[in-house]
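Worksheet: the structure to be examined is printed underneath.
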């Protein structure tokens with residue numbers, strides 16, 4: 001398993017970096033639509049839809065919606081902002097829901113309908129936000145790379161801090177391995193990356209008043225994205241969302257943090273005018 005993880009990471013990381021800095025905005029949008037399709041397929045599996053036709057129809061619907069928004073985002077600026085704003089509100093509600101969640105073993109029909117809507121709120125806005133970041137002029141690819149780096153370093157900070165000092169469970173029913181100490185470690189790591197990012201993007205001192213809190217909130221919400229996926233996997237009795245990435249599981253297992261982080265980060269950049 002470890003060998004598979006290392007081989008997949010060795011192939012995937014350079015590919016992601018190449019895509020971010022080499023692909024045009026239009027090509028990146030198509031890559032993100034493909035990611036949305038696969039993520040939606042996996043999400044349907046977590047909703048325990050066994051029939052391939054049903055899973056395929058759900059994936060196609062999510063993919064088409066993502067395509068319409070990503071391709072038309074420059075002509076639909078108000079719609080894009082509305083989607084990102086609604087996504088931010090959703091993740092606020094999701095935070096409360098996840099932290100208060102109590103075990104429920106089986107998905108009912110009503111739960112599945114809710115899960116379908118949640119899948120849309122999780123997948124589509126995040127792909128739209130990443131496409132929006134990538135298209136932010138010359139520094140767009142760097143902003144997208146910074147977001148991925150921010151969540152990755154925070155995840156590592158949470159892992160090592162949790163292993164060393166973790167005692168108090170963050171959401172024991174949803175993910176017993178995550179601790180409050182781990183979350184604090186993630187936020188500490190965030191400060192270091194945010195400061196480095198502020199220097200790289202040559203932000204004015206006044207911008208730091210908004211940029212640092214934005215990064216902290218982005219990482220805090222990214223933890224909720226991870227927990228939300230864990231919640232649905234646990235209810236479906238799944239260890240991984242899929243098997244497309246050997247040793248790493250599915251696409252959703254790799255982007256769960258970004259699904260929450262990307263809309264909030266992109267919206268923050270637009271609202272506070274930090275992207276030049």
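Taking only the alpha-carbon positions of segment 1-137 and ignoring solvent, what does the Debye formula give for the base-10 log of I(q)/I(0) at q = 0.11, 0.16, 0.22 Å⁻¹? Per q value, in the given order, log10 I(q)/I(0) is -0.50, -0.99, -1.28. Given segment 167-276 reduced to its alpha-carbon atoms as identical point scatterers, what log10 I(q)/I(0) does the Debye formula return at q = 0.14, 0.16, 0.19 Å⁻¹? Each listed q maps to, in turn, -0.66, -0.81, -1.00.
Return the single residue from 174, 184, 224 with maximal mean-square fluctuation; model: Gaussian network over the chain, springs between Cα atoms under 10 Å. Residue with maximal mean-square fluctuation among 174, 184, 224: 184. Let's test the formula: R0 of 22 Å, r as the Cβ-Cβ distance of residue 21 and residue 199. What FRET efficiency results, to the nearest 0.05? Calculated transfer efficiency: 0.65. When the chain is treated as a Gaussian network with alpha carbon springs shorter than 10 Å, the biggest mean-square fluctuation among 119, 197, 247 belongs to 247. With contacts taken as Cα pairs under 8 Å and at least 6 residues apart, the chain reaches a relative contact order of 26 percent. Each principal axis of the Cα cloud of segment 101-184 was taken in turn, and the coordinate range along them, longest first, works out to 47, 41, 11 Å.
Spin-label pair residue 209-residue 169: with each label point 7 Å from Cα along the Cα-Cβ axis, the two points sit 4.2 nm from one another.
Here the scattering of the chain is modelled by Debye summation over its C-alpha atoms, one equal scatterer each and no solvent; at q = 0.12, 0.15 Å⁻¹ the log10 of I(q)/I(0) is -0.73, -1.19.
How much length is gained if the chain between residue 184 and residue 138 is pulled fully straight, taking 0.36 nm per residue apart and subtracting their Cα-Cα distance, in nm to one decimal? Could you put the intermediate results ahead of the total?
Details: separation 46, 0.36 × 46 = 16.56 nm, distance 3.34 nm.
Full extension of this stretch gives 13.2 nm more.
Placing dummy labels 7 Å off each Cα toward the beta-carbon, the span from residue 4 to residue 64 is 3.5 nm. Projected label points at residue 236 and residue 97, each 7 Å from Cα along the beta carbon direction, are separated by 1.5 nanometres.
Stretching residue 191 away from residue 76 to a fully extended chain increases their span by 38.0 nm, per 0.36 nm per residue minus the current alpha-carbon distance. Using a Gaussian network model of the chain in which every pair of alpha carbons under 10 angstrom is joined by a spring, one finds that among 116, 180, 244 the greatest mean-square fluctuation is at 244.
Only helices enter the 222 nm calculation for the chain: every DSSP H run of n ≥ 4 contributes -39,500 (n - 2.57), and dividing by all residues gives -27500 deg cm²/dmol, rounded to 500.
Each value in this text was obtained by applying a stated rule to the coordinates, not by laboratory testing. Keep in mind the model is a prediction, meaning the values are calculated, not measured. Virtual Cβ from ideal backbone geometry, glycine too; neighbours counted across all protein chains shown.
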